[in-house]
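Notes for the one structure printed next.
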Amino acid sequence: MSSSIITPGFPLARPRRLRKSDALRRMVSENTLTADDLIWPVFVTAGKNQRDAVASMPGVERLSVDLLVKAAREAFDLGIPAICIFPYTDPSLKTEDCAEAWNPDNLSNQAIRAIKDAVPEMMIMTDIALDPYNINGHDGYVVDGEIVNDQTVEALVKMAIAQADAGADILGPSDMMDGRIGAIRGALESEGHQNVAILSYTAKYASGFYGPFRDAVGASGALKGDKKTYQMDPANSDEAMRLVARDLSEGADMIMVKPGMPYLDICHRAKSEFGVPVFAYQVSGEYAMVKAAALNGWIDGEKVMMESLMAFKRAGCDGVLTYFAPEVAKILQG
């Protein structure tokens, strides 16, 4: 709001007038959260009728494809428009060359086809990075201790095409390699997938908030070293804006900021400066902190959950990837 706007002083101005009742508060609310704002990240595992709890993420489970199909149908019935699939890959399938990443029958691609067959209206987003398939636990190839860029991008392109062939609606390159958006967009165009959207993890920071996620996909024990040579320095903001400009110029349709709440300033800058669809990922560490505090009775978990999601809307986000999605959608319905 412009600082030149003059408002009357007390008692002509009594801001509490508009807080008097629930109806008034809803009438003048500046931001609204709906189920349309939610993307639900889910974990798929091998087997049938398989359900494995993720210890560091209370309430989150890895589901076999058959159970994930049921969960997707329930989520769609709650009004959630999209899910994002992450695989728990058997350690025996993790290799130096990460070939399982573009196997047409890997867990992710099986899940895409099964969900699309059962719930065709559900939008399916996927993850593009090598870490679930890499024996070294990194998002890219490791050569003589270095995470190499261009060779990794070639692998990511093959992964992207396999996912698009399986029926994915939205591809989420989360690897943070340079040039991968342009390479993936070019391949999608040439392979007849012109309508597949790219939601680029444009500003993905080398954060300490990812620990529980790595447990969920089985990457914690495999990771050698850290990811600071390709994920962003948490101290940097201007760099994020340069990356937004780059990814949009290479063909990204939407951009992502990750993690979420500690980086609301980045979300706000991206939306204000570029005016494109901006999403945030309320990551596993954020989810786990809220859940753990709620289970210990230290906070009102439901209230904090809803407040945290409204913060993303206030910052300018068009949507949020959140493990809270089904819980939130039920509250919004009821």
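Can you give the local net charge around ALA294? Use residues other than it whose beta-carbon is closer than 14 angstrom to its beta-carbon, Lys and Arg +1, Asp and Glu -1. Don't skip to the end; give the middle numbers.
Details: positive: LYS291, LYS303; negative: GLU286, ASP300, GLU302, GLU307, GLU327.
Net charge in that neighbourhood comes out at -3.
The C-alpha atoms of the chain occupy a region whose extents along the principal axes are 71, 43, 39 Å, arranged from largest to smallest. Going by neighbour counts of Cβ atoms within 10 Å, the residues ASP150, ASP127 line up, fewest first, as ASP150, ASP127. Within the chain, the longest run free of exposed loop sites, counting GluC sites (Glu not before Pro) that sit outside DSSP helix and strand states (H, G, I, E, B) and have at most 15 other Cβ atoms within 10 Å, spans 192-334. Magnitude of the charge dipole for the chain, about its Cα centre and with charges confined to Cβ atoms of Lys, Arg (+1) and Asp, Glu (-1), is about 1740 debye.
Look at the dipole of the stretch 38-333 built from charges on Cβ: of MET305, VAL196, ALA129, the Cα furthest out on the positive end belongs to MET305. Along its principal axes, the stretch 179-299 has C-alpha extents of 52, 35, 27 angstrom, given from the largest down.
For the stretch 244-334, the fraction of C-alpha pairs farther apart than 19 angstrom is 43 percent.
For the stretch 120-134, backbone phi angles converted through the Karplus equation (6.51, -1.76, 1.60; θ = phi - 60°) give residue-by-residue couplings of x, 6, 5, 6, 10, 9, 10, 9, 10, 5, 8, 4, x, 10, 9 Hz, Gly and Pro being listed as x.
Which value in deg cm²/dmol, rounded to the nearest 500, describes the helix-derived mean residue ellipticity at 222 nm for the chain, given -39,500 (n - 2.57) per DSSP H run of n ≥ 4 and division by the residue count? Walk me through the numbers on the way to the answer.
On the way: 11 runs with 126 residues, N = 334.
Result for the chain: -11500 deg cm²/dmol, rounded to the nearest 500.
For the stretch 47-64, the Karplus equation 6.51 cos²θ - 1.76 cosθ + 1.60, evaluated at θ = phi - 60°, returns couplings of x, 9, 6, 9, 9, 10, 6, 9, 4, 8, 9, x, x, 9, 10, 7, 10, 5 Hz by residue, with Gly and Pro reported as x. Treating the stretch 223-283 as a set of equal point scatterers at the Cα positions, no solvent, please give the Debye-formula log₁₀ I(q)/I(0) at q = 0.25, 0.30 Å⁻¹. For the stretch 223-283, the Cα-only Debye profile gives -1.13, -1.42.
If the cut-off is a Cα-Cα distance under 25 Å, which lysines reach LYS116, setting aside same-chain residues fewer than 8 apart in sequence? Candidates past the 8-residue exclusion: LYS48, LYS70, LYS158, LYS330. Just the C-alpha atoms of the stretch 10-62: what Rg/Rh do they give, with Rh taken as the Kirkwood radius? Reported Rg/Rh (Cα atoms, Kirkwood Rh): 1.38. Principal-axis analysis of the Cα atoms of the chain puts helix 150-166 at an angle of about 80° to the longest axis. At an R0 of 35 angstrom, the distance between the Cβ atoms of ALA235 and TRP298 translates into a FRET efficiency of 0.75.
Taking each pair of different alpha-carbon atoms in the stretch 1-123 once, compute 1/r for the pair, average those values, and report the inverse of that mean as the Kirkwood hydrodynamic radius in Å to one decimal.
Working: mean 1/r = 0.0547 Å⁻¹.
Roughly 18.3 Å, rounded to one decimal.
What separates the Cα centres of the stretch 113-134 and the stretch 298-334 is a distance of 23 Å. Percent of C-alpha pairs per 10 Å bin in the stretch 123-162, short distances first: 30, 53, 14, 2.
Which trypsin sites (Lys or Arg not before Pro) does the stretch 205-269 hold that lie in a coil by DSSP with at most 15 other beta carbons within 10 Å? The partial results should precede the final answer.
Working: sites: ARG214, LYS224, LYS227, LYS228, ARG242, ARG246, ARG269; in loops: LYS224, LYS227, LYS228.
Counting only loop positions with at most 15 other Cβ atoms within 10 Å, the trypsin sites (Lys or Arg not before Pro) in the stretch 205-269 are LYS224, LYS228.
All of the numbers you see were taken from the coordinates with simple rules; none came from a lab. All of these numbers come straight from a predicted model, not from anything done at the bench. All Cβ positions, even for glycine, are placed from backbone atoms using ideal geometry, and neighbour counts span all protein chains on display.
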